[in-house]
Amino acid sequence: MLDLGLAFQQQGLKLGLVPTMGYLHEGHLSLLKLLEGKCDIKAASIFVNPLQFGPGEDFERYPRDEAQDLKLLDSAGCDLVFIPSVKDMYPIGFQTYVQVEKLSQPLCGRLRPGHFRGVATVVLRLFTVTRCRYAAFGLKDYQQAVIIRQMTRDLFLNVELLFGKTLREPDGLAKSSRNAYLSVPERHIAARLPFALEWARSAALAGEDKTHNLRLGVEKLIVGNGEATIQYVDIVDPYTLEPLEAVGPKAVLALAVFVGKTRLIDNIMIGPQGESEPVVEMKV
Ligand code: AMP
């Protein structure tokens, strides 16, 4: 059995891990920076996890460029890159899965059944294989972040989690490997997402407390004349992810939108006590 982390652990070396699916950008690299000064070995994994893709999703065509990823990781000071095969991660006979029950139900969980089961399972597997003491995740995948935090708590995992803010393109679009799918006109339409999120944040700060109105406003700004298709625009409690009728002190506005065939997700913290980035408590 693969046990990458054992030798490091036996030498008393602390490993920090940034799990990724590759096709890296500055968002991924910013997570490596969070590990600086905390651990002895800054590691990243690259694994396009079949378990978190549903039938008809983009597992096969997910962008891959290992050579470029290795260059980027090297220049970002990454000490170790773990690139397992599907067989390494899920040997024949593998049959143990992690299901974070409630937090996996709303938002993306509603539209991608089994997705977060796949995410939680692969993350636990990466934690155990690397024996990492730290792991960094991006708040761009907000639901994923709170699910991993819950799993880490529930299973008493000895891993300290670090969460990084969303890195964006100059026009505000969240950096994402999937942005590579967008044509030039689609790329322009995609810029409506951060614009609409900022609009909602300002409207909530200006006193609009009804989530219904904010959601409608966001949907209108994004859909325009039908150039984009909303999967969901939801405003939820930052901790439980339960839907809210009123924004209250702070809430997370999260959305998933199709621009052409490309599914984009993004989120923002809104409300008087919200900040521009949702804050996930670091303590597990
Ligand atoms: P992925 O390769 O898409 O699975 O992402 C790997 C990690 O990078 C996850 O923890 C993501 O939340 C994080 N990430 C993805 N995009 C960004 C971004 N634009 N800014 C910061 N972190 C990101």
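The values are calculated or read from the model by the stated rules, or taken from the named source; none is laboratory data. These figures come from a predicted structure and were not determined experimentally. Virtual Cβ from ideal backbone geometry, glycine too; neighbours counted across all protein chains shown. Ligands, DNA and RNA are stripped out before the accessible areas are found, and what is left, the full protein with its side chains, is counted by its heavy atoms. Shrake-Rupley method; radii C 1.70, N 1.55, O 1.52, S 1.80 Å.
Quick one: plug the Kirkwood hydrodynamic radius of the range 110-193 (C-alpha pairs) into Stokes-Einstein at 10 °C, 1.306 mPa s, and report D in µm²/s.
Details: Rh = 14.7 Å.
Approximately 108 µm²/s, per Stokes-Einstein.
For the range 176-235, what Kirkwood radius comes out of the mean inverse Cα-Cα distance, in Å?
Working: mean 1/r = 0.0810 Å⁻¹.
One decimal place: 12.3 Å for the Kirkwood radius.
For F82, the residues whose amide H sits under 5 Å from its own are A44, S45, I46, ignoring neighbours fewer than 5 places away on the same chain, with H placed 1.01 Å from N. Quick one: pull the percent of accessible area on the range 79-233 belonging to carbon and sulfur, 1.4 Å probe, ligands and nucleic acids left out. Solvent-exposed carbon and sulfur of the range 79-233 make up 53 percent of the total. Can you compute log10 of I(q)/I(0) for the range 74-140 with the Debye formula, treating each Cα as one identical point scatterer, at q = 0.14 Å⁻¹? Here log10 of I(q) over I(0) equals -0.57. Site pair L13 and E60 shows an inter-label distance of 4.0 nm when each label is modelled 7 Å from Cα along Cα→Cβ. A straight Cα-to-Cα reach below 16 Å connects K71 with the aspartates and glutamates E26, D79, residues fewer than 8 places away in its own chain not being considered. Near D266, the amide H atoms lying under 5 Å from its own belong to L255; only residues 5 or more places off or on other chains count, and H is placed 1.01 Å from N. From its DSSP helices (H runs of at least four residues, each -39,500 (n - 2.57)), the chain gives a residue-normalised ellipticity at 222 nm of -10000 deg cm²/dmol.
Stick to the Cα atoms of the chain, pair each with every other, and give me the Kirkwood hydrodynamic radius in Å at one decimal.
The Cα-based Kirkwood calculation yields 19.6 Å.
Applying 1/(1 + (r/R0)^6) with R0 = 25 Å to the Cβ-Cβ distance of A246 and E275 gives a FRET efficiency near 0.85.
Surface composition of the range 1-60: carbon and sulfur atoms hold 53% of the protein heavy-atom accessible area at a 1.4 Å probe. Taking only the Cα atoms of the range 212-265, the radius of gyration and Dmax are 12.0, 36 Å.
Maximal additional length on extending the F94-D209 stretch stands at 36.6 nm, based on 0.36 nm per residue less the C-alpha distance.
Calculate I(q)/I(0) for the range 1-158 by the Debye formula, one identical point scatterer on each C-alpha and no solvent, and give its log10 at q = 0.14, 0.15, 0.18 Å⁻¹ to two decimals. Values, matching the q order: -0.71, -0.83, -1.22. Close amide H contacts of G164 (hydrogens built in the peptide plane, cut-off under 5 Å, sequence separation of 5 or more or a different chain): F137, G138, L139.
Mind checking the per residue accessible area of the chain for me, 1.4 Å probe, whole number of Å²? Before the final figure, lay out the partial values.
Details: 13620 Å² over 284 residues.
Value returned for the chain: 48 Å² of accessible area per residue.
Nearest 10 degrees is fine. How inclined is helix 211-223 to the longest principal axis of the chain, computing both from alpha carbons? Between the helix axis and the principal axis of the chain, the angle is about 80 degrees.
D by Stokes-Einstein for the range 74-226, Kirkwood Rh over Cα pairs, 10 °C, 1.306 mPa s: 86 µm²/s.
What's the ranking of 246-257, 15-26, 160-171, 221-232 by average number of surrounding C-beta atoms within 10 Å, highest first?
Details: 246-257: 20.9, 15-26: 22.8, 160-171: 16.9, 221-232: 14.5.
With the highest mean Cβ count within 10 Å placed first, the list reads 15-26, 246-257, 160-171, 221-232.
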